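Rule-based calculations on the coordinates, nothing more; no lab input. From a predicted model like this one, the values you see are computed outputs, not experimental measurements. Every residue, glycine among them, receives a Cβ derived from its backbone with ideal geometry; neighbour counts consider all protein chains shown.
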Amino acid sequence: MTFFRILFIACLVITTTKVSAQQREGNIVEYFGKEKVNDVSEGEVIHLFKEGLILKTTGVPFSNASVEYDPVFADFLNNSSNSGISEGKEVYDSFNEKSVKWEKITIAENGEFNDPFLRRNGYLYLEYTSEEEKTVLFEASGHTKVLINGLPHEGDHYDFGWNLIPITLKKGKNTFLLSGGRFPKIRARLLETFKPVEFTIRDLTLPDLIAEGSESLWGAIRIINTEDEFFKNASIEVKLNGNSEVIKIPAVAPKYVRKVPFLIPNPKDLKEGESVTATLYLKAKNNSVIDTASISLDVKSVYKHHKNTFLSDIDHSVQYYSVAPSLTKNKENQALFLSVHGASVEAVNQANAYKQKDWGHVVAPTNRRPFGFAWEDWGRLDALEVLKHASDLYKTDAQHTYLTGHSMGGHGTWYLGATYPDKFAAIAPAAGYPDLLEYRHSFTRNIDDEMAQRRFGMSLADFEQKINPNLGNGKQEQMDVMIRRAGNTSRTLKLKENYLHYGVYILHGDSDNVVPTFLAQDMRERLGKYHNDFAYYEYPGGEHWFGDESVDWPPIFYFFNRREIKKDTEINNINFTTASPGVSKGSHFVSIFQQEQPFEISNFKFDRTENGFKIATANVETLSIDLKAMGQEDLTEVFIDHQPITLDSSDKIFISKVEDKWQIVDQPEASEKSPLRYGGFKDAFRNNMVFVYASKGSDEENEWYYNRAKFDAEKFWYRANGNIELIKDTNFKLDDFKGKNIILYGNSSNNAAWKKLLKDSPIQVSNGEIEIGSKILKGSQYGTYFIYPNNDNASTSIGVISATGVEGMHAAYANDYLENGTFFPDVMVFDSAMPKAGLPGVKFGGFFGNNWSLEMGNFIWNE
């Protein structure tokens, strides 16, 4: 699950602060790219929380645990009807090995609770007594997550001021438990809305209008539905300078805020440099206007820096990327420079840091958000989507595609370059760290005994014992290894042979204390042992940011200009490594279709010979080779792991290891694992996924599973600028969602869609028991996350968040699978101990076999 989320975000705080201090004019470092929202336009503030209780826990700094846990939230969930939180009540702080008490806290003059312990690890408890049951908006900022009357909701970790959560206040006492966020401050208010359904202009996604253009462009806006029924069959009309566009919008679930796409007309008479105002009309089924909003749009030239928007295939959301287009106008087959930004940086500021080039386009994707996913997980998918969209739009030359980035984007460069080595002719990481774990170790390995005493009040030996959990029995250690295996796709240094595909230019300031310079020096040393095409430069006196040359460094583009991707027919050698074909399957004309051990490191080495080729493999069960793309007429001598192979085709072939012998086979069945659908639980959250929640259980179950689905949707919006459709199980029809992944909340006893989707699954969950193959676990305390193929087609999956009862539901409340730096294999089964203690609560976990069976898979029982 998670290994150092707190540390990683902490390091990025340092990065942003340092960058902002060094230079704030005219470039990349505009803090967050926006100011916090303070004004309220969605309703009237009826209550500002002015006093509460604070718990000053420290958490475990630099924790290396594979499984996230939060005993404070766990205890509250198990006792939510009577919170048990009161002034003076003690809670044990395991890191400092002492009890801490809930203490009173009041707001400052700015209306915020301020305390250093609210930064990440502390908790704030609030109460509100309502004279009646009524619907309001809970508007809070600065917290990571919140339990509202015992139901989980996403927070506003980065303090943007975006979060608005429709809730029903109970008559009497209402409880709010908030966990600390990125800053030592939290604000909380209740709003009474002006309308039951309305726009909010917080967190718009908008394009730049193009002076030379006329095609309509995508934007996105959030709609608040405070009613108890779905808001559906509605539309948004946009009017601008006498032009209009109308689009039907997707349904907005009850008490839900959804960010939906709309189209903006791009009139022909616009002038570069002006700003224009468009009016949005939210219309009901009968075409009556429910709400209006005005948005301001900048007009840019297509030949100068500007933003483009597009519809994502991950979730049908609107995403943007920014461009510094080539100075050479209207010419195809130019180069493309994919530039990935650092933490807190908007893509528009990333592109603005570059002067326009005369031989290619600089393209800056968003990572889904300024922090996003460190270019892993959905940040990785965003980079791929933008690369394809921009390549198609500008008709660039695929052989002259390059990758660069700064800070977190420097990590993104190392990571994306290692993951997709055949897509780039050269890479140039700037102020980057190759691997998240190594970045963590760069801090902990420099702590000495004196520093440990000063910062943490303990010896170095005690500190190291705290951050490296005691795994107890051998089964726990095996389970820990199994869970961490799911993170091998992010272990960049395990993929380092892939850097042999291209040239590498490393740029780093010699005085960088945010991403320490020795990390770049370490990569120079590593590359020097096997790579013959790399350059290294330490900028004299350069801190983490030393102006636009931190990214727009002329020698990088000189380096790029002299390198290109070879044509397939010219490639004689390939050395390729991956941890999952579902993330990265191969290079050029050779692909790993299936592994012997899922998510362990796999490799092939291809060498072309005069009369054919030879391939050496490691942890490969099935290969695919495109002989036509390879382009060699004489294939009379072919060897796989020294075994001769006779080819009977000159097109694409599949070769599989059967009883330790390689054989040419038909393409594996679509129902099996393949690069289109390979697993890891996180892989379910793509392909325009929809969330299907249970409604056939008890009132408590129905309320929980709907809010649990909504919690994931809220988080994917906040972390990934997402657009998630929530579907009631009784309204779910297979034919309506072909080609889409399904995330199912509930079990076979309470979710009517279970039997439609999971009747053949070897894992069956019902009230009171979970069946895993031939083994049955009985009780209400079990929860599970797992992925299973959807028979709809070869690429769609089903993600399952399920439990055997109330205790198990609460055990499965967390959703750190929607964050980067977390580990989730195909299956995890756990009990109510997991949210309190972590790994000891995980009872079963691992990976299905290539036929999606338990029998052929890799699993560990922790009993």
Could you give log10 I(q)/I(0) at q = 0.14, 0.17, 0.19, 0.20 Å⁻¹ for segment 549-697, computed by the Debye formula over C-alpha point scatterers of equal weight, without solvent?
-0.77, -0.98, -1.13, -1.21
Estimated 222 nm signal from helices in the chain, with DSSP H stretches of n ≥ 4 weighted -39500 (n - 2.57), rounded to 500
-5500 deg cm²/dmol
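Given the pairs LYS195/LYS271; LYS259/LYS728; LYS259/LYS740; LYS56/LYS715; LYS740/LYS778; LYS395/LYS614, which are separated by over 27 angstrom at their Cα positions?
Numbers: LYS195/LYS271 37 Å; LYS259/LYS728 19 Å; LYS259/LYS740 19 Å; LYS56/LYS715 25 Å; LYS740/LYS778 33 Å; LYS395/LYS614 35 Å.
Beyond 27 Å: LYS195/LYS271; LYS740/LYS778; LYS395/LYS614.
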So what are the ³J(HN,Hα) numbers for segment 475-485, from phi and the Karplus equation (6.51, -1.76, 1.60; θ = phi - 60°), rounded to whole Hz, Gly and Pro as x?
5, 5, 4, 5, 5, 4, 4, 5, 5, 5, 4
Hey, can you grab everything whose amide H is under 5 Å from the amide H of ASP641? Only 5+ residues off in sequence or another chain; H modelled, so Pro and N-termini drop out.
ILE615, ALA616, THR617
Place a point 7 Å from the Cα of ASP358 along the Cα-to-Cβ direction; which residues of segment 326-347 have their backbone N under 20 Å from it?
326-337
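Rank these for me by crowding, THR366, THR730, THR396, going from fewest to most other beta carbons within 10 Å. List each step's numbers first, then the result.
Working: THR366 27, THR730 12, THR396 22.
Final ranking by Cβ density, sparse to dense: THR730, THR396, THR366.
Give me the percent of DSSP beta bridges within the chain that run antiparallel, rounded to the nearest 5.
Values: 150 of 192 bridges.
Of all bridge pairs located within the chain, approximately 80 percent are antiparallel.
Give me the orientation-averaged projected area of the Cα convex hull of the chain, in nm², one decimal. Can you show the working numbers first?
Details: hull surface 142.8 nm².
Over all viewing directions, the chain projects a mean Cα-hull area of 35.7 nm².
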Taking the beta-carbon count within 10 Å as an exposure proxy, list ILE653, ILE556 from fewest neighbours to most.
ILE653, ILE556
At what distance in angstrom do the alpha carbon centres of segment 736-792 and segment 456-501 lie from each other?
30 Å
If you find the alpha carbon centre of segment 558-615 and of segment 638-656, how far apart are they in angstrom?
16 Å
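Note the full-extension length gain between ASN241 and SER853 as 0.36 nm times their separation in residues minus their Cα-Cα distance, in nm to one decimal. Spell out each step's value before the answer.
Details: separation 612, 0.36 × 612 = 220.32 nm, distance 5.90 nm.
Between ASN241 and SER853, full extension yields an extra 214.4 nm.
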Using a Förster distance of 56 Å, how high is the FRET efficiency between SER649 and TRP861, based on the Cβ-Cβ distance and rounded to 0.05?
0.80
In Hz, Karplus ³J(HN,Hα) per residue of segment 510-519 (6.51, -1.76, 1.60; θ = phi - 60°; x = Gly, Pro):
6, 10, 6, 10, 8, 10, x, 4, 5, 5
Using only the Cα atoms of segment 551-635, build the gyration tensor, take square roots of its eigenvalues as a ≥ b ≥ c, and label the shape rounded, prolate or oblate: rounded if a/c is under 1.5, else prolate if a/b is larger than b/c, else oblate.
oblate
Got a sec to turn the phi values of segment 463-469 into Karplus ³J(HN,Hα) couplings, 6.51 cos²θ - 1.76 cosθ + 1.60 with θ = phi - 60°, whole Hz, x for Gly and Pro?
4, 5, 5, 5, 7, 10, x
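Pull out a ≥ b ≥ c, the square roots of the eigenvalues of the alpha-carbon gyration tensor of segment 464-592, then state rounded if a/c is under 1.5, prolate if not and a/b is larger than b/c, and oblate in the remaining case. Please report the intermediate quantities before stating the final value.
Values: a/c = 2.83, a/b = 1.22, b/c = 2.33.
Oblate shape, in that a/c is at least 1.5 and b/c is the bigger or equal ratio.
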Distance between modelled label sites at ALA108 and SER795, nm, 7 Å Cα→Cβ extension:
5.0 nm
Hey, could you pull the Cα Rg and Dmax for segment 92-155, both in Å?
14.2, 43
When a footprinting reagent is the concern and you count Cβ atoms within 10 Å, what order do TRP414, TRP754, TRP162 take, fewest first?
TRP162, TRP754, TRP414
With each label point set 7 Å from Cα along the Cα-Cβ vector, what nm distance links GLU570 and GLU600?
3.8 nm
